[in-house]
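Below you'll find the structure, written out as structure tokens, and then a few comments.
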Amino acid sequence: MIDKAEHLEKNQIVNGGSFYTPARFVEVAAQWLKEERFDSSYTVADTSCGYGAFFRLRSHFPKNRYVGNDVDPVAARVARKNYPFAEIFNKSALSGIGRAMFRLGTEKLCVVGNPPYNDVTSQIGRPIKTARHKTDEAVRSRDLGISFLKSYAALAADLVLILHPLSYLIKKANFTSAKRFFDRYALRRSLVFSSHEFADTSRSGEFPIVMALYAASPGGGLTYEEVRNHPFRTLEGESFRLADFDYVADHIRKYPCRARYTPEILFYTLRDVNALRRCHTFITERCAGAVDVDPAKLAYYCYIDLFKEYARAPYWMGNFDVPFRRKSFSRYAADITALSKSRHPEVFGAQPPIPPETERRVIAYIRSVLKRPKEKNARPCHGVRSISAPTSPPKKNPST
Ligand SMILES: C[S@@+](CC[C@H](N)C(=O)[O-])C[C@H]1O[C@@H](n2cnc3c(N)ncnc32)[C@H](O)[C@@H]1O
């Protein structure tokens, strides 16, 4: 079976969000469902099924009913051919939402899949224009994937086992925008991996994706505080919690505002670690994205400038705010400011030379931020080893 939308041109794949799920993730999904006491009373539905990758679940669960749908008629046709046991529809999953649209009754429903997404926070600057189809008012969102999350709640799914950008969980604005979903579902399992696991994704646009199992939770769903404390595991066997880090953004302004200071120092808008990789830090010309630096907080901005230069942040940190160590920061602030200023004579004028040991000290501080406390008994998620051993060499991306 094919994991790539072969009938589409590259720009159509991007526009339609048609990155199909590799089989190895479906195997992990099967393991998770087995551990959830999943049984044949569930109907399994993928409302944006592409070629039907998730219907491979049938080899583990042969007695369930399988329902699929895709707005792309060719994809729906291929899915029908690949998986004749599944009932495949060809319509927008976001219009006229209700169980009747897929001939579903009151049975238990497990939604699976990998909905299309156009995560503007992860892909800023890329010429992405996701195809829009008729969408019910109740599920409208800036991001197509978030509309899909809301549609699963509208279908009253009992289990939701999907792949989506990690930013939906960890970026407060996204989390709030998907409240209609997260208010009703608890997060049972998660596995974080790079967007490079999909065929033909661009090297520069790498961002973290999470495969997550959610279960309906009538007593109340997921809170942002729970997300902050959730122990995320990665495909490579690493683990992290948002709450393990301090964030510079909690101490400065990230976005432009009316405040003006003397001297005028400008910094480019700070979205997240991925945006920092692509954008300037200190800038000389005022522009729409210019943030006025409060001189009393200059050291924090200098830290961000040096984090961009020296930190080797892992892909899963791509949608984080810039992390730092709050407690020890004041001990390094003067060196950080001096080093960053010396790198920007166009902003700060000529600066005295920086001794190499100062630079080494600052680099050691920045890199120490990325070290996380070791978890007791930490081990990879179930099924991870069968996908990729932590020692495996990085995959070559055919598109780069
Ligand atoms: C990321 S692909 C995933 C396909 C499949 N679920 C998988 O995991 O391999 C997303 C699919 O969503 C489909 N799609 C986009 N908008 C849709 C809509 N409004 N309704 C139904 N399907 C849609 C695209 O055609 C594409 O096949």
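Each value in this text was obtained by applying a stated rule to the coordinates, not by laboratory testing. Since the structure is predicted, the reported quantities are computational estimates derived from the model, not experimental observations. All Cβ positions, even for glycine, are placed from backbone atoms using ideal geometry, and neighbour counts span all protein chains on display.
The table below gives the values:
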| quantity | calculated |
| --- | --- |
| The stretch 193-349, relative contact order in percent, only Cα pairs under 8 angstrom and at least six apart counted | 24 |
| Approximate spin-label separation S217-R286, in nm, with each point projected 7 Å along Cα-to-Cβ | 4.7 |
| Full-extension gain in nm, E264 to R331, via 0.36 nm per residue minus C-alpha separation | 21.5 nm |
| Inter-centroid distance (Cα atoms) of the stretch 44-115 relative to the stretch 210-254, Å | 29 |
| Rounded to 5, the percent of DSSP beta bridges in the chain classed as antiparallel | 60 |
| Cβ-placed point charges (K, R +1; D, E -1), dipole of the chain about Cα centre in debye, nearest 20 | 360 |
| Separation in nanometres of the label points that stand 7 Å from Cα toward Cβ, at H251 and S41 | 5.4 |
| Leading residue at positive end of dipole, the stretch 246-369 (Cβ point charges), from P356, A334, P314 | P314 |
| The stretch 246-369: C-alpha gyration tensor shape, a/c 1.5 cut-off, then a/b vs b/c | oblate |
| Cα centre as origin, Lys/Arg/Asp/Glu Cβ charges: the stretch 246-369 dipole, Debye | 280 |
| Distance (nanometres) between label positions extended 7 Å along Cα→Cβ at E6 and A186 | 4.4 |
| Volume of the Cα convex hull of the stretch 137-267, divided per residue and given in Å³ | 163 |
| Relative contact order for the chain, counting Cα pairs under 8 Å that sit 6 or more residues apart, in percent | 14 |
| 10 °C / 1.306 mPa s Stokes-Einstein diffusion coefficient of the chain, Kirkwood radius on C-alpha pairs, µm²/s | 70 |
